[in-house]
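Written out below as structure tokens is the structure these notes cover.
The values are calculated or read from the model by the stated rules, or taken from the named source; none is laboratory data. On a predicted model such as this, the values are computed, not experimentally measured, just so you know. So basically every Cβ, Gly included, is an ideal-geometry build from the backbone, and we count neighbours across all protein chains shown. These area figures cover heavy atoms from the full protein model, side chains too; ligands, DNA and RNA do not enter into them. Shrake-Rupley method; radii C 1.70, N 1.55, O 1.52, S 1.80 Å.
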Amino acid sequence: VVKGFEMEIIPAKRIVAQIGDTVMLTCNTTGCASPSFSWRTQMDSPLGGKVSNYRTHSTLTMNPVSVMNSRSYLCTVICNSAEKERKEKSVKVGVYSFPSDPIIEISPSLVAGEPATVTCKIPDVYPSDHLEVFLKKDEDDIHDTNFFQDESTNPETKIVTYTFRPEAEDIGKNITCVARLLIADMDFEPKERTSSQKLNANFGPQNTVITASPGNSPMEGDSLNLTCVTQSNPPAQIVWSKYLAEESIQHLIRNNVLFIPHVHFNDSGLYICEVINLVTNKTEKATVDIIIQGAPVITKLSIEPSTTVQEGENVSIQCSAESNPPPKIILRRKSDNTNMGPYGVGSILLPSVMFQNGGDYECVAENKFGNSKSEITLNVKYGPKNTMITVTPTDALKEGETVTMKCTSSGNPAPLISWKKKKATGEFEEISKNATFTIQNLKSQDLGLYECEAYNLFGKEEKAVKLYIQGLLEEPDQMIPLIIAFSSVAAVAVPAVAILIYVSRQAKINGSYSLVKALRLKV
């Protein structure tokens, strides 16, 4: 059955879009091999969009949607057949703008019985002649208005202002602005937006008190919280200070909580909380006397010349503490074995430090009231050591195989690895900056001397491996290559060399060679 020429607009029903969104109208055809499309609006106004024609459909894209897109759009299709059939369909686009909640502004410094102004702003509304605004105090309506007579033709911010006299019982109640945009035949959400703000009044400060946790006489090393609480609106500024000798005052922080994570003997004294209301211009003070008891606290744990040193430097680790009575101090290196050194009473000297001396060091100070611990880390930098090359596979190599050479080394910071190959000129050419170097499809030109270099800021170490051919076929004009791997650590030792020569079975090689079992030496 041959279907006749048909068309449709997608979406087929009325479209509702918010200004700034994107809308796409698609005119689709069936039963016509080469249709022609055209779009127009009522009264032949500008389309306000971009048309894209395809083989059997045409798309009108409005991005972004604006007020000018609020109209009916007509798609006309002519089927370029012998009959020249023509079909048309239309769809209406409705636009609106209701992008955000109202903004409420209330007069500052409200005083009971005196006039106060509430302003409600509804941003970028369209069409505003459908807008209603209500003001509420908690659940009670106090004002309403509408813009039904407004003649705005573009999105605008609408403002509602209301003046009232708050009473004392209104303090703490919510002032709410409710905006509704109801448009017939247009379905969108939300149709209602609200915002609220509490009413406030100014008073205080009054009834100011200080609480100390865990108490007025904490152990040294404990944390101490001093909390200043007052009644004030707006919230009062709080300033902490402390009486020092000769009636001087030390100013501390501007916060209602004074927190000392580890109290010391010199934290004892009289603390003052001063609260200030900048609106009422009133001030109130409260004080508390703090006495610190005598558990130990570590006052210094240091490494000289630095926590990060180079191998071979002289290092001194120092620990000191104070308490009453005087503390016993133990300084030691932490390890899995608690009996391992180094160990000292207050200090440890490490002449010509080695990388094995790096790690965490612990200082313990104790007396009859308790103990205190602290840790510090010694970081020893050193050049590459124990550089090693491994070659895989470890069995016999054949031409065309994949050979992988991996270079490993220890050091601090971790060494960087690079590979070089010796050229015919005797010079070395860098071929990789990765620890692992892979030769795909092994060939004779891949043979030769390879060098791995491990390096960091504190030195370098090299190791080499050599791949070369040795061995003869039973037939005098043929040769079977053998891959022999030699390795050495540069500037350290000359490796021993072992060569395994195979007596190969008779073989014929047609214009190529094969690689047979190789010997690898590990140093």
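Condition check ((1) among the charged types (D, E, K, R); (2) without any contact (Cβ under 8 Å) to a residue 24 or more places away in the chain; (3) touching a Phe, Trp or Tyr at 6+ places or on another chain (Cβ under 8 Å)) across all residues:
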{"position": "Ile249", "(1), (2), (3)": "no, yes, yes"}
{"position": "Val275", "(1), (2), (3)": "no, no, no"}
{"position": "Leu278", "(1), (2), (3)": "no, no, no"}
{"position": "Ala286", "(1), (2), (3)": "no, no, no"}
{"position": "Gln293", "(1), (2), (3)": "no, no, yes"}
{"position": "Ile298", "(1), (2), (3)": "no, no, no"}
{"position": "Ser302", "(1), (2), (3)": "no, no, no"}
{"position": "Thr308", "(1), (2), (3)": "no, no, no"}
{"position": "Asn324", "(1), (2), (3)": "no, no, yes"}
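Residue by residue, here is whether (1) among the acidic types (Asp, Glu); (2) outside the structural domain of His130 (by the TED database); (3) on the phi > 0 side of the Ramachandran plot holds:
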residue	(1), (2), (3)
Ile10	no, yes, no
Met24	no, yes, no
Ala33	no, yes, no
Ser38	no, yes, no
Gln42	no, yes, no
Thr56	no, yes, no
Asn63	no, yes, no
Glu85	yes, yes, no
Pro108	no, no, no
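Under the condition of being touching a residue at least 12 places away in the same chain (Cβ under 8 Å) and charged (D, E, K, R), which residue from the range 132-147 is most open to solvent (accessible area, probe 1.4 Å)?
Residues of the range 132-147 that are touching a residue at least 12 places away in the same chain (Cβ under 8 Å), as a first pass: 132-138, 142-147.
Checking which are charged (D, E, K, R) leaves us with 132, 136-138, 144.
On the way: Glu132: 52, Lys136: 55, Lys137: 41, Asp138: 63, Asp144: 100 Å².
Ranking the candidates gives Asp144 first.
Scan (1) within 20 Å of Phe134 (Cβ to Cβ); (2) surrounded by fewer than 17 Cβ atoms within 10 Å (Cβ to Cβ); (3) touching a residue at least 12 places away in the same chain (Cβ under 8 Å) for the single condition Asn225 breaks and write down its number.
Every listed condition holds for Asn225 apart from (1).
With the checklist (1) under 42 Å from the mean Cα position of the chain (by Cα); (2) over 30 Å from Leu442 (Cβ atoms); (3) modelled with pLDDT of 90 or more in hand, flag the one item Ile329 doesn't pass.
(1)
Every residue, every condition in (1) basic (Lys, Arg); (2) in a strand (DSSP E or B); (3) free of Cβ contacts under 8 Å to residues at least 60 places away in the same chain, yes or no:
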{"site": "Val364", "(1), (2), (3)": "no, yes, yes"}
{"site": "Thr387", "(1), (2), (3)": "no, yes, no"}
{"site": "Thr394", "(1), (2), (3)": "no, no, no"}
{"site": "Lys398", "(1), (2), (3)": "yes, no, no"}
{"site": "Met405", "(1), (2), (3)": "no, yes, no"}
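All but one of (1) touching a residue at least 24 places away in the same chain (Cβ under 8 Å); (2) closer than 23 Å to Glu462 by Cβ; (3) of a type in the set (S, T, N, Q) hold for Thr425, so report the exception by its number.
Here Thr425 clears every test but (1).
It is to be established whether one or more residues within the range 417-424 are at pLDDT 90 or above, among the polar types (S, T, N, Q) and open to solvent by less than 20 Å² (accessible area, probe 1.4 Å).
yes
Scan the range 407-423 for residues that are in a strand (DSSP E or B) and closer than 24 Å to Asn314 by Cα and jot them down. Please lay out each step first, then the result.
Step one: list which residues in the range 407-423 are in a strand (DSSP E or B), which gives 407-412, 416-422.
Answer for the range 407-423, where residues must be in a strand (DSSP E or B) and closer than 24 Å to Asn314 by Cα: Ser410, Gly411, Asn412.
Of everything in the range 59-79 that's in a strand (DSSP E or B) and surrounded by 21 or more Cβ atoms within 10 Å (Cβ to Cβ), which residue is farthest from the chain's Cα centre (by Cα)? Steps first, answer last, please.
Residues of the range 59-79 that are in a strand (DSSP E or B), as a first pass: 59-62, 71-79.
This time we only want the ones that are surrounded by 21 or more Cβ atoms within 10 Å (Cβ to Cβ), so: 60, 62, 73, 75, 77, 79.
Numbers: Leu60: 41, Met62: 37, Tyr73: 47, Cys75: 50, Val77: 53, Cys79: 57 Å.
Checking each candidate, the answer is Cys79.
Could you check the range 105-137 and list, in sequence order, the residues that are under 24 Å from Gly20 (Cβ atoms) and of a type in the set (Val, Ile, Thr)? Walk me through how you get there before you give the answer.
The first filter runs over the range 105-137 and keeps only residues under 24 Å from Gly20 (Cβ atoms), leaving 120-133.
Result: Ile122, Val125, Val133.
Where residues in the range 243-272 are over 18 Å from Ala321 (Cβ atoms) and in a helix (DSSP H, G or I), which of them is least open to solvent (accessible area, probe 1.4 Å)?
So the residue we want is Ala245.
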